[in-house]
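Below: one structure, written as structure tokens.
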Amino acid sequence: MSPRARSAGRRPNDATEDVGASRSDSSSDTRASEKPPAPSPPPASPGEEALTSPPIRFRLPLPPSTNGLYATVRTRTRGKSGTRRVSSTAARTFRQAALTALDPLDGSGTFEPTLGLARRAYWSAALSVYFASPLRRDLDDVLKIAIDVICEGLRIEDNRLVDLHASKYLAPLDPRVEVEIEAFSDWSFGDERVVLRPDATGR
């Protein structure tokens, strides 16, 4: 079901594709982080008919909480001690596993029409988040890190994300994030009037 048409609280499609979120070898992480920038498809011409593409469905491991993304380590430089914040082991493990899962999607010709449209136009995302406990974690605690790794793995820009839906479910034996992405060439921003910037005099 399209993310834009998904109603709140409705369970996601059972046909979610599992692309191997559990794999986490370090070589895949290095290869994913060195991936070249995505090519820039030509922009849609004026008057071009609005386009949509088939949604992409996949699953990711459940990200760590915001409080667990960073760790404080002690440092010592030129005889002076201090501390600094570094990415935590849990955060690095999640990123590695997520990029490993996303890599086959970016390299597949099957999903290129959707990814190409998302890169030059707009995209939406529906996230169904399955927690081990119903109240221990907040739903919005997952969104930022999940969106960031999706953008990195699929080489799409988060400033082109214009529609976001998130639902919370319970799965103690299999915590995860199921994602559906749709791309489209046209999006209404509401009152799209031209705003004139003040000139150098401030008028």
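Before moving on, here are some points about what is shown:
- Close pairs (8 angstrom Cβ cut-off, 6 or more residues apart or separate chains): touching a residue at least 60 places away in the same chain (Cβ under 8 Å) and under 16 Å from P55 (Cα atoms) in the range 155-169, in a helix (DSSP H, G or I) and small (G, A, S) anywhere: I156/A118
- When residues of the range 153-172 are limited to those that are in contact with a helix residue (DSSP H, G or I) (Cβ under 7 Å, 6 or more places away or on another chain) and assigned to a helix (DSSP H, G or I), the one farthest from S133 (Cα to Cα): R160
- Some residue of the range 183-193 being surrounded by 21 or more Cβ atoms within 10 Å (Cβ to Cβ), under 17 Å from F58 (Cβ atoms) and modelled with pLDDT of 95 or more: yes
The values are calculated or read from the model by the stated rules, or taken from the named source; none is laboratory data. Since the model is a prediction, treat every value here as computed from it, not as a measurement. Positions of Cβ are generated from backbone atoms using ideal geometry, with glycine treated the same way; all protein chains shown enter the neighbour counts.
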